[in-house]
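Enquirer: One structure follows; several queries about it will come next.
The values are calculated or read from the model by the stated rules, or taken from the named source; none is laboratory data. Everything quoted here is computed from the prediction, not taken from an experiment. Cβ: placed from backbone, ideal geometry, glycine included. Neighbour counts: every protein chain shown. The protein model used for the area step is the full one, side chains on, heavy atoms only, and it has no ligands, DNA or RNA in it. Shrake-Rupley method; radii C 1.70, N 1.55, O 1.52, S 1.80 Å.
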Amino acid sequence: MDADSRPSPGLLAEVAEVMEKGAAAGGGALLQFDASAPWGHWAVKFWNLWSRALRWAPGSFLFCRAEAFHELGGFDETLFVSEEIDFSRRLKRWARQHHLQVTILSRHPLLTSGRKTHLYTLGDHLRFIGRSLYMGTRLCRTRQHCGIWYEGRR
């Protein structure tokens, strides 16, 4: 979980419930910004649709079985961004092999910071997405290309 995220007691109870049932390898939760630029509301709605459809956990909140995490070798530390997507994809494969599922919880969205929607324009974010589509994982493995996360605006 990211330091600027605040899970509700309901979300944590939902994680415990899902994991206790024994059918889940892990997952994530839908997101809700605490405050964001007007376009941030639509961006998080888009991410939530994408996350549910592909069962990709957001980087701000991911849970899984300990044995899955260890067998998968944890997060790929050569990635500066999108390590949660890489992990989610590998977790889904692991889950299929173990007859389990990956789930994105929706009853209690994770409250997380929308500060980057104030620090960076919609254009900044769209340019980053465009570059990532063009460069693929080469972008994710180069810190210089990931300014939205690493250039230090606070």
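Enquirer: Against the conditions (1) under 28 Å from Ala35 (Cβ atoms); (2) in contact with a strand residue (DSSP E or B) (Cβ under 8 Å, 6 or more places away or on another chain); (3) in a helix (DSSP H, G or I), where does Ile148 fall short? Just the number, please.
Expert: (2)
Enquirer: Select, from Ser8, Ser82, Ser60, Ser36, the only residue that is farther than 22 Å from Ser132 by Cα and at pLDDT below 95.
Expert: Ser36
Enquirer: Condition first: closer than 26 Å to Pro38 by Cβ, basic (Lys, Arg), touching a residue at least 40 places away in the same chain (Cβ under 8 Å) and not in a strand (DSSP E or B). Can you find one or more residues in segment 104-119 that meet it?
Expert: Scanning segment 104-119 turns up at least one residue that is closer than 26 Å to Pro38 by Cβ, basic (Lys, Arg), touching a residue at least 40 places away in the same chain (Cβ under 8 Å) and not in a strand (DSSP E or B).
Enquirer: Mind listing whichever residues of segment 120-145 are outside any helix (DSSP H, G or I) and open to solvent by less than 50 Å² (accessible area, probe 1.4 Å)?
Expert: Passing the criteria: Tyr120, Gly136, Thr142.
Enquirer: Here is a further query. Among the residues of segment 114-154 satisfying the criterion of being among the small types (Gly, Ala, Ser) and farther than 21 Å from Ser60 by Cβ, which is modelled with the lowest pLDDT?
Expert: Gly136
Enquirer: Within segment 1-52, how many residues turn out to be of a type in the set (Ser, Thr, Tyr) and within 24 Å of Gln97 (Cβ to Cβ)?
Expert: 1
Enquirer: What are the pairs, 6+ residues apart or on separate chains, where a residue within segment 138-151 that is under 15 Å from Ile85 (Cβ atoms) has its Cβ under 7 Å from a residue that is assigned to a helix (DSSP H, G or I)?
Expert: Here the result reads Leu139/Arg131; Leu139/Ser132; Leu139/His145, each pair linking segment 138-151 to a residue that is assigned to a helix (DSSP H, G or I).
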